[in-house]
Amino acid sequence: MSKPVRILGIAGSLRRDSYNRATLRAATELAPVGASIETFELDGLPGFNQDDEQNPPAKVVELKRRIREADAVLFVTPEYNYSVPGVLKNAIDWASRPYGDSAWNGKPAAIMGASIGAIGSARAQYHLRQMMVFLNMFPVNQPEVMIGNASERFDADGNLTDDATKDFIRQLLQNLVEWTRRISQASQGT
């Protein structure tokens with residue numbers, strides 16, 4: 001895969017000024033040469049209802065289309081109650097249904113998250129990794145980007161100011177690009 005790698009970024013927070021949305025914005029600016037990050041906003045996505053999975057709402061159709069068009073997925077998740085936020089889980093459920101028509105299948109992925117607490121969304125990230133097993137996604141394992149004490153790493157306008165955190169994000173994205181290319185080559189038998 002010598003063409004540019006298209007990454008779909010999804011923030012698991014709806015709050016306009018969340019650190020996770022700010023982290024995703026920073027990632028779009030830190031993407032390595034040969035890659036781009038487009039984002040998908042989860043606001044307006046209705047709650048999953050299996051009665052509607054055969055005829056999903058337009059926002060769900062768009063989500064699945066965008067996932068399928070992307071070469072890889074970048075999840076940026078806060079941690080709510082020791083796990084991923086309901087809005088992110090809802091999006092994962094919608095895009096995996098109906099059974100046998102999962103848009104996530106075979107996608108390389110990366111995970112990062114920010115929190116005002118010290119452990120920087122670690123438990124949510126591990127839960128997301130568990131979900132990826134069933135979704136047949138292939139997450140990058142390192143570096144783990146868990147941005148703890150986020151209020152010290154962003155300015156009042158939501159700009160990431162911490163150079164060490166920027167370096168972790170750059171490395172994660174570089175690893176995602178390399179991983180995506182390796183998976184693409186393997187699936188093409190080259």
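Which shape class, rounded, prolate or oblate, goes with the stretch 108-190 when its Cα gyration tensor gives a ≥ b ≥ c as root eigenvalues, a/c under 1.5 marks rounded, and past that a/b bigger than b/c marks prolate?
Details: a/c = 3.51, a/b = 1.73, b/c = 2.03.
Here the stretch 108-190 falls in the oblate category.
By the helix-only formula, in which each DSSP H run with n ≥ 4 contributes -39500 (n - 2.57) and the sum is divided by residues, the chain has a 222 nm mean residue ellipticity of -12500 deg cm²/dmol.
Equivalent ellipsoid of the stretch 1-53: semi-axes from √(5λ) of the C-alpha gyration tensor, largest first, are 26, 18, 5 Å. Note on residue 43 and residue 2: the model spin-label points, each 7 Å out from Cα along the C-beta direction, lie 4.2 nm apart. In a reduced charge model with +1 at each Lys and Arg Cβ and -1 at each Asp and Glu Cβ, the chain shows a dipole moment near 440 debye about its Cα centre. Under the combined filter of DSSP loop state and at most 12 neighbouring Cβ atoms within 10 Å, the stretch 1-104 retains these trypsin sites (Lys or Arg not before Pro): 15, 16. Longest stretch of the chain clear of exposed loop sites (chymotrypsin sites (Phe, Trp or Tyr not before Pro), DSSP loop, at most 11 other Cβ atoms within 10 Å, sites excluded): 100-190.
The dipole here belongs to the stretch 14-55: it is taken about the Cα centre, uses +1 on the Cβ of Lys and Arg and -1 on the Cβ of Asp and Glu, and is about 340 debye.
In Å², what does the accessible area per residue of the stretch 1-128 work out to with a 1.4 Å probe?
Numbers: 5740 Å² over 128 residues.
Value for the stretch 1-128: 45 Å² per residue.
Summing Cβ point charges (Lys, Arg +1; Asp, Glu -1) relative to the Cα centre of the stretch 1-86 gives a dipole of roughly 260 debye.
Set Lys and Arg Cβ to +1 and Asp and Glu Cβ to -1, take the dipole of the chain about its Cα centre, and tell me which of 2, 42, 108 lies farthest positive. Among 2, 42, 108, the one farthest towards the positive end of the dipole of the chain is 2.
The values are calculated or read from the model by the stated rules, or taken from the named source; none is laboratory data. For clarity, every value in this text was computed on a predicted model and none was experimentally measured. Heads up, the Cβs are rebuilt from the backbone with ideal geometry, glycines too, and the neighbour counts pull from every protein chain shown. Keep in mind that these areas ignore ligands, DNA and RNA; they rest on the heavy atoms of the full protein, side chains included. Shrake-Rupley method; radii C 1.70, N 1.55, O 1.52, S 1.80 Å.
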